[in-house]
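**Student:** The structure's right below; bear with me while I get my questions together.
Please treat every number below as a calculation from the coordinates, not as lab data. Being a predicted model, the structure only gives us computed values, none of them experimental. Because the Cβ atoms are built from the backbone with ideal geometry, glycine has one as well, and the counts that use them run over all protein chains shown.
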Number of protein chains: 2
Amino acid sequence: MFKINEEYLKLPGSYLFSTIAKKVAAFSEENPEAKIIRLGIGDVTQQLATAIIDALHKAVDEMGAAETFRGYAPDLGYEFLRNAIAENDYKARGCEIAADEIFISDGAKCDSGNIQEIFSKDNKIAVCDPVYPVYVDTNVMAGRTGTYDPERETWSDVIYMPCTKETNFAPSLPKETPDLIYLCFPNNPTGSTITKSQLQEWVDYANKNGCVIIYDAAYEAYISEADVPHSVYECEGARTCAIELRSFSKNAGFTGVRLGFTVIPKELKAGSVSLHSLWARRHGTKYNGAPYIVQRAGEAVYSEAGKAQLKEQVAYYMRNAAYIKNGLKDAGYEVSGGVNAPYIWLKAPGGMTSWEFFDDLLRRAHVVGTPGSGFGPSGETYFRLTAFGSYENTVEAIDRIKAL
Amino acid sequence: MFKINEEYLKLPGSYLFSTIAKKVAAFSEENPEAKIIRLGIGDVTQQLATAIIDALHKAVDEMGAAETFRGYAPDLGYEFLRNAIAENDYKARGCEIAADEIFISDGAKCDSGNIQEIFSKDNKIAVCDPVYPVYVDTNVMAGRTGTYDPERETWSDVIYMPCTKETNFAPSLPKETPDLIYLCFPNNPTGSTITKSQLQEWVDYANKNGCVIIYDAAYEAYISEADVPHSVYECEGARTCAIELRSFSKNAGFTGVRLGFTVIPKELKAGSVSLHSLWARRHGTKYNGAPYIVQRAGEAVYSEAGKAQLKEQVAYYMRNAAYIKNGLKDAGYEVSGGVNAPYIWLKAPGGMTSWEFFDDLLRRAHVVGTPGSGFGPSGETYFRLTAFGSYENTVEAIDRIKAL
C-alpha cells in the first residue's frame, strides 16, 4: 500500500495568499457592489514595456518558421540571456560572476522552493522573522523543521531571527549556528534593507561558520539608496558562501511571464563537491528550461530601450509607495519600508492583530492587504501594503483608509 | 557546517542526453565537415502551427496593455485551458475528469520528476525496463532506490519490469508488490503500446494491491490503432488508483514553449488524505503557474484550426517513422515501434552494445541516435531513433544507414 509524504500534513492551514484569496472572494460575494482595491499580493499591474512586447512578438515569429524554430532550450538557459545578466547585473556592479554560474529558471518562487533539495535533511535553517513564507514551508515539506508549536506559530528546528522595530527590521547574527541562512533584501514583507557593510558581516559570519547564505534579491531594482547592496556578491568572500536568487517579476512585470535565475559560484563547495554541480544536476533531471520566447523577453530587459522603460515603470510603483507611506504617516500610522522596496510595513492600530486589521480594512475600506503574521510570529500586529497597484487605485485606497 | 544531499552523489554519471550532447560536440569538433543528422533526443523540428502562433501574438498584445495585462496565473492553471483539456482529452473520450482535477504545469518532465515528492520515502517504485530515465533518477535523488549495482546498472530497491522482444516490449505484473508503478504508453523509448484490456489489468492490480499508477501519456497523439487507450481513465476504476501526466511537447511541438499537465482524480486517497490536495499544496508552495501567453497557446491546440493543423503535423512525423521503420527493415535490422509512437526501437547489429552502435553510427553515418542501455538494463544492445527530424533529414539518415 502506497504511503504519502507525511511532512506535507504538518503544514498548518493553507498558503497565506490562498487564504486571502478565499476571504476576499467570500466578501465580494456578500458585497457585490463593493469596489475592492487589492494591495495585498505582490502582483504587478502595469503592462509589459514596449521593448519586451517587441521582443516577444519577434520570438513568436521565429517559432513560426522551421528555420528559426527552437525546441528544447539548453539545460541552464540560453547564452544570450546568461551573458546579458552577467554583464548587467554583475560585471557592471563590480561583481565577478561568470555566465555559466547563472541558471535560468521560470521564477524565483520555484528556485527558492527547490534550492533546499540539494542540501541534506539534517541541515538547520535560519530565517528572518517575518519573511516570505516559501522558505520555511518548503523546508517543512522536506522534513527539516521539527515540530510545530501552534501557539507560537514556530517550528522547533528553525532558527528565527526577529526583525522588529527595535532592530530597525534587520536581523541580528543568530546565537545558535545555522547551516543555511535565508536572507531577503530588500525584504519582503517589511521593505527594510541592510547596508553593504552589514551584509559583509553576514558573509564573514557564513564563511567562518561554514554556512550557506541563500540571498533573495528579487526586489533589488527598487533600491534607491547608495549604500544598499544590489547583490550579495558585492561583498568580499561571497563566492565561497552565497547563492543568489533573482526574479524578473518585479523589475520587469514578469509575474505572469515567469522568468528568474539562480547564481551559484563554482567555489561554493562541500569538500570536493560543488553546489553548482548539484544544482546543474537538478536542473538537468527535473527541469526543461524556460520558454525560448520568454528568455528573449528577458534579454530585452537589458536592452537600452528596455532599461529606460523599466526605470520608468519602477518609478511609477515607487510613486505609489511614497503616496502610501506619506498618507499613512499623515493619518497617524506607524510605517516603514517603501524607500528601497515596493512594500510598506505598518503597525495595526488600536492593538488589533494582523488578521483583525485585515478583516477591518476589507470590511470598512474594501482594501486588501496582507496580514504581517502570515510572514512569521514577529509580523503579528503588522500589515503589508504593496505599491504594485495602479496610481489611481493606490490613491483611492489610501484616501479611504485616511477617511476611516 | 552545511551538508549536501548525499543522494545526489549516488547518481552514476550524468543524465543520458547530456552525455550524448558531449559526445556529438566532440565528434563535431574533430570532424567539422561532417553533416550530422540528429535522430537522438526526442526534440521536434517543425514550426508551431499557425493557430498557435496567432494565439501567442494575441496574448502578447494583451500583455502590452494595462487593461488586458495578466499577472500571476491561478495556482492550478487558467480555467479556459483546464476546460478545453477536460472537454477534448477526457469527456470526448468518455473519461470522467473534471477541470479542477487538472493541474497545468510547464511540462511533463518537471511533473514526472516532482510527483514522487508527495509520496513517502519508503514507497517502492516499479518501472518498465527500458524507460524514460527521469522516473528512476528523481527517485534516486529522493533516496528511495537503495544501492546501485554498477555491473547490472540497477538499484536494489527498484522493481524492474523487463519489456523485451519476448514480452512484445510490454511489462508483466511484477512478482513483488510495488507502491508506485510508473507506466509510459506509448512507450518511450520502445514505441510499444498495450491494449485497453491489458491496461485494465494494471488498473485492477493497482486497486487490489493499493498501488498508485503514474501514467505518462506524453505520446498519446501518435496512437493510430483503435484498441490502444489514449488515457488511463478509459479504464474502469482508474480514478481511485491513477495519476496521468500529459505534455504538449510532442502533439503540438511545445518542447521550447513548455506546457504540460497532471491529472489527479479527487477519489485517489490514502485514508482521508487526497493526493489531489497534496499536489495542490505543492503547486501552491513551489510553483507559480505557466505563463499566460503559453496557456493561451495551449488553448489554441484545442481550437478547430489547431486540431486540424496538428493532425497534419503528427502525420508529418509519422511519415518519418514509417520511412525509418521500413528502411531499416529492408536493410535487415530488427525493428519495432513507429506505429503508435514517434520512436523506432532497433536491435544493434553484429552483437554490438548500445553505446558501441552509437559510436559506430556517429562515426560512419554521422547519425545520432540514443543508446537503449541509457533507458535501463533491458535496453542494452538496443537503440532508439526518433521521427522528429525533418523529412529530408530523416530520408538522408536512413539512406546513409542502409548504405553502410
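**Student:** Residue farthest toward the positive end of the dipole of region B:53-302, with Cβ of Lys/Arg at +1 and Asp/Glu at -1: which of B:ILE264, B:PHE119, B:MET161?
**Tutor:** B:PHE119
**Student:** Given the options B:TYR135, B:TYR148, B:TYR233, which has the most mean-square fluctuation in a GNM of chain B, springs set between C-alpha atoms less than 10 angstrom apart?
**Tutor:** Residue with maximal mean-square fluctuation among B:TYR135, B:TYR148, B:TYR233: B:TYR148.
**Student:** A follow-up question, please. Length gain on complete extension for the stretch A:GLU166 to A:ASP122, per 0.36 nm per residue less the alpha carbon to alpha carbon distance? Don't jump to the answer; show the numbers that get you there.
**Tutor:** On the way: separation 44, 0.36 × 44 = 15.84 nm, distance 3.20 nm.
That pair, A:GLU166 and A:ASP122, stretches by 12.6 nm at full extension.
**Student:** Same structure, new question: Quick one: plug the Kirkwood hydrodynamic radius of region A:1-122 (C-alpha pairs) into Stokes-Einstein at 20 °C, 1.002 mPa s, and report D in µm²/s.
**Tutor:** Calculated translational D: 108 µm²/s.
**Student:** Which aspartates and glutamates does A:LYS23 reach when only Cα atoms under 18 Å apart count, and residues fewer than 8 places away in its own chain are ignored?
**Tutor:** Leaving aside aspartates and glutamates fewer than 8 places away in the same chain, those within reach of A:LYS23 are A:GLU33, A:ASP43, A:GLU356, A:ASP359, A:ASP360, B:ASP75.
**Student:** For A:99-112, what's the mean count of beta carbons from other chains sitting within 10 Å of each residue's beta carbon? All intermediate terms of the calculation are to be shown ahead of the outcome.
**Tutor:** Details: counts 0, 0, 0, 0, 0, 0, 1, 10, 6, 1, 6, 5, 1, 1.
Other-chain Cβ atoms within 10 Å of each residue's Cβ, averaged: 2.
**Student:** Once the label point is set 7 Å along the Cα-to-beta-carbon vector, what list of distances in nm do you get between A:GLU392 and its counterparts in the other copies?
**Tutor:** Label point to label point, same position, other copies: 5.4 nm.
**Student:** Let me ask something additional. Let me check the size of region A:178-261 from its C-alpha atoms; what are the radius of gyration and Dmax in Å?
**Tutor:** 12.9, 40
**Student:** Right, next: Among B:LYS196/B:LYS307; A:LYS10/B:LYS269; A:LYS109/A:LYS269; B:LYS91/B:LYS307; A:LYS250/A:LYS286, which pairs are too far apart, with a Cα-Cα distance over 22 Å?
**Tutor:** Violating the 22 Å Cα-Cα cut-off are B:LYS196/B:LYS307; A:LYS109/A:LYS269; A:LYS250/A:LYS286.
**Student:** First obtain the Kirkwood hydrodynamic radius of region A:62-138 from its Cα pairs, then insert it into the Stokes-Einstein equation at 20 °C and 1.002 mPa s, and state the resulting D in µm² per second as a whole number.
**Tutor:** The calculation lands on 138 µm²/s.
**Student:** Where is the GNM fluctuation largest for chain B (alpha-carbon springs, 10 angstrom cutoff): B:TYR382, B:TYR205, B:TYR287?
**Tutor:** B:TYR287
**Student:** Hey, what's the per residue convex hull volume over the C-alpha atoms of chain B, in cubic angstrom?
**Tutor:** 170 Å³
**Student:** Right, another one. Suppose every Lys and Arg Cβ carries +1 and every Asp and Glu Cβ carries -1, with no other charges. What dipole size does the protein assembly as shown come out with about its Cα centre, to the nearest 20 debye?
**Tutor:** My answer is approximately 0 debye.
**Student:** Here's something else I'd like to know. How many percent of DSSP beta bridges within chain A run antiparallel, rounded to 5?
**Tutor:** 55 percent
**Student:** Same structure again: What FRET efficiency do you get for A:ALA65 and B:ALA92 if R0 is 35 Å and r is their Cβ-Cβ distance, rounded to the nearest 0.05?
**Tutor:** The pair A:ALA65/B:ALA92 has a calculated efficiency of 0.65.
**Student:** Treat each spin label as a single point 7 Å out from the Cα along the C-beta direction, and report the A:VAL395 to B:THR240 distance in nm.
**Tutor:** For the pair A:VAL395/B:THR240, the computed spacing is 6.2 nm.
**Student:** What are the nm distances, shortest first, from A:ALA331 to its equivalents in the other copies, labels at 7 Å along Cα→Cβ?
**Tutor:** So the distances to the same position in the other copies read 7.6 nm.
**Student:** Can you compute the charge dipole magnitude of region A:53-302 about its Cα centre, using +1 on each Lys and Arg Cβ and -1 on each Asp and Glu Cβ, nothing else charged? Give it in debye, rounded to the nearest 20.
**Tutor:** On the way: 24 positive and 35 negative charges, 72 e Å.
Charge dipole of region A:53-302: 340 debye, to the nearest 20.
**Student:** If you put a point 7 Å past Cα along the Cβ direction, how far is that point for A:SER224 from the same point in each other copy, in nm, smallest first?
**Tutor:** 6.6
**Student:** For region A:38-196, would you read off the P(r) tail past 26 Å as a percentage of all alpha carbon pairs?
**Tutor:** Here the tail beyond 26 Å accounts for 47 percent of pairs.
**Student:** Hey, another quick one. Which of A:GLU225, A:GLU299, A:GLU151 ends up with the largest GNM mean-square fluctuation for chain A, with Cα atoms connected below 10 Å?
**Tutor:** Per the Cα network of chain A with a 10 Å cutoff, A:GLU151 tops the list.
**Student:** Apply the Debye scattering formula to the protein assembly as shown, with a single equal point scatterer on each alpha-carbon and no solvent, then give log10 I(q)/I(0) at q = 0.05, 0.10, 0.11 Å⁻¹.
**Tutor:** Those come out to -0.26, -1.07, -1.30, one per q.
**Student:** In addition: Could you work out how much longer the chain between A:GLU29 and A:TYR316 gets when fully extended? Use 0.36 nm per residue separation minus the Cα distance between them, nm to one decimal.
**Tutor:** Contour length minus Cα-Cα distance gives 100.1 nm.
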